[in-house]
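See structure below.
The values are calculated or read from the model by the stated rules, or taken from the named source; none is laboratory data. All values reported here derive from a predicted model rather than from experimental measurement. Here the Cβ positions follow ideal geometry from the backbone for every residue, glycine too, while neighbour counts run over all protein chains shown.
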Amino acid sequence: MLGDEEMNALRTQGFVTAERRGSNLYFKLRFRVHGKQRVRYLGRDATLADRIRQELDAIRAPKRILQNMHRVDQHARRLLRQMKSELSPILAVHGYRFHGMAIRKARRDELAETRKERTQTERDQ
């Protein structure tokens, strides 16, 4: 039987191992509590060991889903920043700008500034 502290530890880490002694295969549940390894003997029943593996996966599934969502969110934000930086000069040429993620028509003073910059660039070439 596992205590509350051990169950909490299994929410984030731990695994089932198969160890051979002679011709027999034995299963153990290994995990750490406060930095010390704990081992619980599961016996020779492979179906019990598989059920415990499945239960560990089920306990950890919500955290794994959140981690994957966070990773996808970071990737999407990175792509949005990249696309925004690539589109900004193109939009400026046509009199538009970004306001957050929305595209807005630039103000007259911003348009005049953009035209000056474009004219200056054309002269330099």
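If residue 52 satisfies all but one of (1) β-branched (Val, Ile, Thr); (2) modelled with pLDDT of 95 or more; (3) under 30 Å from residue 19 (Cα atoms), what's the number of the condition it fails?
Here residue 52 clears every test but (2).
Just one of the numbered conditions (1) farther than 20 Å from residue 1 by Cβ; (2) under 28 Å from the mean Cα position of the chain (by Cα); (3) surrounded by 12 or more Cβ atoms within 10 Å (Cβ to Cβ) is not true of residue 66; which one?
Of (1) farther than 20 Å from residue 1 by Cβ; (2) under 28 Å from the mean Cα position of the chain (by Cα); (3) surrounded by 12 or more Cβ atoms within 10 Å (Cβ to Cβ), only one is false for residue 66: (3).
Being of a type in the set (Gly, Ala, Ser), out of contact with any Leu (no Cβ under 9 Å at 6 or more places or on another chain) and on the phi < 0 side of the Ramachandran plot narrows it down to one of 76, 49, so name that one.
Within the list 76, 49, the selection yields 76.
Looking at segment 43-54, is at least one residue basic (Lys, Arg) and over 28 Å from the mean Cα position of the chain (by Cα)?
From segment 43-54, those basic (Lys, Arg) are 44, 51, 53; that's our starting set.
Narrowing further to those that are over 28 Å from the mean Cα position of the chain (by Cα): 44.
Yes, there is a match, as at least one residue in segment 43-54 is basic (Lys, Arg) and over 28 Å from the mean Cα position of the chain (by Cα).
Got a sec? Which of 77, 104 is outside any helix (DSSP H, G or I), more than 28 Å from residue 4 (Cα to Cα) and not hydroxyl-bearing (Ser, Thr, Tyr)? I'd like the intermediate steps shown before the answer.
Details: 77 fails: outside any helix (DSSP H, G or I).
None of the other options fit; the residue is 104.
Would you check if residue 109 is in a helix (DSSP H, G or I) and exposed (fewer than 10 other Cβ atoms within 10 Å of the Cβ)?
Values: in a helix (DSSP H, G or I): yes; exposed (fewer than 10 other Cβ atoms within 10 Å of the Cβ): yes.
Against the criterion (in a helix (DSSP H, G or I) and exposed (fewer than 10 other Cβ atoms within 10 Å of the Cβ)), residue 109 qualifies.
I'd like to know if segment 86-93 contains one or more residues that are exposed (fewer than 10 other Cβ atoms within 10 Å of the Cβ), among the hydrophobic types (A, V, I, L, M, F, W, C) and out of contact with any Lys or Arg (no Cβ under 6 Å at 6 or more places or on another chain).
Checked against the condition, which is being exposed (fewer than 10 other Cβ atoms within 10 Å of the Cβ), among the hydrophobic types (A, V, I, L, M, F, W, C) and out of contact with any Lys or Arg (no Cβ under 6 Å at 6 or more places or on another chain), segment 86-93 yields at least one hit.
Just to be sure I understand, how many residues within segment 20-40 are more than 29 Å from the chain's Cα centre (by Cα) and either on the phi > 0 side of the Ramachandran plot or loosely packed, with under 10 Cβ neighbours inside 10 Å (or both)?
Matching residues across segment 20-40 total 5.
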